[in-house]
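Enquirer: The structure's right below; bear with me while I get my questions together.
The values are calculated or read from the model by the stated rules, or taken from the named source; none is laboratory data. Keep in mind that what you see is a predicted model, and the values were worked out from it rather than measured. Here the Cβ positions follow ideal geometry from the backbone for every residue, glycine too, while neighbour counts run over all protein chains shown. These accessible areas exclude ligands, DNA and RNA; they are computed on the full protein's heavy atoms, side chains included. Shrake-Rupley method; radii C 1.70, N 1.55, O 1.52, S 1.80 Å.
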Amino acid sequence: MIKKILLILLIVFIVIQFIKPQKNIHAGPEPNDISALYAMPADVDSILTVACKDCHSNNTRYPWYNNMQPVAWFLANHVKDGMHSFNLNEFATYPIWRQYDKISEVKKQIDKGDMPLSSYTWIHKDAILTDAQKNTIESWSEGIKKQMEAKYPQDSLKRPERK
């Protein structure tokens, strides 16, 4: 009985290897990238590339184990959720209030230690942010907030009330 169950599990495992999710890889320039609206210093871009862009951009660097199911499904869902929450490559498409909200959230998420996720840093040790890196990202995001506050009316930076 146990041999039959193990055989069935092995067959299922082999079959699911052929069901692969779509990968998040887009070639070419990203016209709606946050850097199209706001300056992104090289050090900020470097930190974001290592710690954020795998889940919060249109270009994910996939590890070797992404070729195995069900790991690929987990990663695809994780990336989809991250992109839905905040996508650096689609930032310019957001309404002004959402841009302001998301850039404000960057500091909050880093301060609370919620980003990068521990499930990500467990494998990607280089994504664990040092205090200096946290300060760099926080200063950059605060600078963007100040630019937005100077450029847009205050009421446009708040989420519209739902009726």
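Enquirer: Would you compute, from DSSP H runs of 4+ residues alone, the mean residue ellipticity of the chain at 222 nm, taking -39500 (n - 2.57) per run and dividing by the full residue count, rounded to the nearest 500?
Expert: -16000 deg cm²/dmol
Enquirer: So between I128 and K3, what do we pick up on full extension, going 0.36 nm a residue minus the alpha carbon distance?
Expert: So the extension gain works out to 40.7 nm.
Enquirer: Another one. Please report the base-10 log of the normalised intensity I(q)/I(0) for the stretch 35-97, using a Debye sum with one equal scatterer per alpha carbon and no solvent, at each q in 0.16, 0.17, 0.24, 0.30 (1/Å).
Expert: With no solvent term, the Cα-only Debye profile gives -0.59, -0.65, -1.04, -1.29.
Enquirer: With unit charges on the beta carbons (Lys and Arg positive, Asp and Glu negative) and the dipole taken about the Cα centre of the chain, which residue among F74, M40, I5 sits farthest to the positive side?
Expert: I5
Enquirer: The stretch 46-163: D in µm²/s via Stokes-Einstein (Kirkwood Rh, Cα pairs, 25 °C, 0.890 mPa s)?
Expert: The estimated diffusion coefficient comes to 158 µm²/s.
Enquirer: Computing the accessible area with a 1.4 Å probe over protein heavy atoms, can you report the carbon and sulfur percentage for the stretch 65-134?
Expert: 60
Enquirer: Also: If the cut-off is 19 Å between C-alpha atoms, which lysines fall inside it for K102, apart from same-chain ones fewer than 8 positions away?
Expert: Result set, ordered by chain and number: K53, K80, K112, K134, K145, K146, K151, K158.
Enquirer: Over the chain, with a Gaussian network built from C-alpha contacts below 10 Å, which listed residue (Y94, Y65, Y38) shows the highest mean-square fluctuation?
Expert: Taking springs between Cα atoms under 10 Å, the residue moving most is Y65.
Enquirer: Compute the acute angle (0 to 90°) between the alpha-carbon long axis of helix 42-51 and the principal axis of greatest extent of the alpha-carbon atoms of the chain; round to the nearest 10°.
Expert: It works out to around 30 degrees.
Enquirer: Mind checking the per residue accessible area of the stretch 48-130 for me, 1.4 Å probe, whole number of Å²?
Expert: Values: 4300 Å² over 83 residues.
It amounts to 52 Å² per residue over the stretch 48-130.
Enquirer: Could you tell me how many degrees, from 0 to 90 and to the nearest 10, lie between the Cα long axis of helix 131-151 and the main elongation axis, the longest principal axis, of the Cα atoms of the chain?
Expert: For helix 131-151, the angle is close to 50 degrees.
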